[in-house]
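The values are calculated or read from the model by the stated rules, or taken from the named source; none is laboratory data. Keep in mind it's a predicted model, so treat the numbers as computed, not measured. Note that each Cβ is placed from the backbone with ideal geometry, even for glycine, and that neighbours are counted across all protein chains shown.
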Amino acid sequence: MALERTLSIIKPDAVAKNVIGEIYSRFEKAGLKVVASKMKQLSKDEAEGFYAVHRERPFFAALVEFMSSGPVMIQALEGEGAVLKHRDLMGATNPKDAAPGTIRADFADSIDANAVHGSDSLENAAIEIAYFFPATDVYSR
Ligand code: RTP
Ligand code: MG
């Protein structure tokens, strides 16, 4: 497996639940290292830009509204097979379908307020990391 980076966001619902540390702990136990990190409340423009691929989807307005509703915790994670490993830790998009022990099964309330975001491919991971972090703010280790 190759060393990869992926972009992770702890969404406003999970930040409000005070489980940032609990979620970081799951990343660390799975061998993923935090190599960049910041807390930020996204503007609507920033949320729209980030989720631009979903612009035509019926849930887009609700998604942008939710993602800009409170501070989020944004991090780049590094490790072997980081993209898929992180998606496995997250669980399915709808928490009703998420496997027991996954982040979404344990902390998500609904398909909208679903606790975390993770890049879905290596290509998108590079785009998403660059969206939030200049290369000088990513500390490979
Ligand atoms: P994310 O991008 O946030 O990591 O989530 P994902 O890959 O698991 O799901 P994606 O298809 O990329 O959808 C992005 C976010 O939009 C909301 N969504 N709502 N009501 C719906 O049918 C629906 N489908 C998606 C979810 O909050 C999802 O995380
Ligand atoms: Mg997605």
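Assorted remarks:
- Scan of the range 1-16 for residues that are surrounded by 14 or more Cβ atoms within 10 Å (Cβ to Cβ) and out of contact with any strand residue (DSSP E or B) (no Cβ under 9 Å at 6 or more places or on another chain), ordered by number: Asp13
- Counted residues, the range 17-36 - those being without any contact (Cβ under 8 Å) to a residue 60 or more places away in the chain and crowded, with 18+ Cβ neighbours inside 10 Å: 2
- Residue within the range 33-40 that is part of a loop (DSSP other than H, G, I, E, B) and modelled with pLDDT of 95 or more present: no
- Test: residue in the range 78-85 that is within 13 Å of ligand 1 (Cβ to nearest atom) and either of a type in the set (Gly, Ala, Ser) or at negative phi (or both): yes
- Subset of the range 57-90 that is among the aliphatic types (A, V, I, L, M) and more than 14 Å from the chain's Cα centre (by Cα) - its residue that is nearest to Asp137 (Cα to Cα): Val64
Okay, residues lined up against (1) in contact (Cβ under 8 Å) with a residue 12 or more places away in the chain; (2) within 16 Å of ligand 2 (Cβ to nearest atom); (3) in contact with a Leu (Cβ under 9 Å, 6 or more places away or on another chain):
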position	(1), (2), (3)
His54	no, yes, yes
Met67	yes, yes, yes
Pro71	yes, no, yes
Leu89	yes, yes, yes
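- Residues located in the range 92-141, provided they are over 16 Å from the mean Cα position of the chain (by Cα), over 23 Å from Glu22 (Cα atoms) and of a type in the set (Ser, Thr, Tyr): Thr136
- In the range 29-45, the residues that are over 15 Å from the mean Cα position of the chain (by Cα) and of a type outside the set (A, V, I, L, M): Lys29, Gly31, Ser43, Lys44, Asp45
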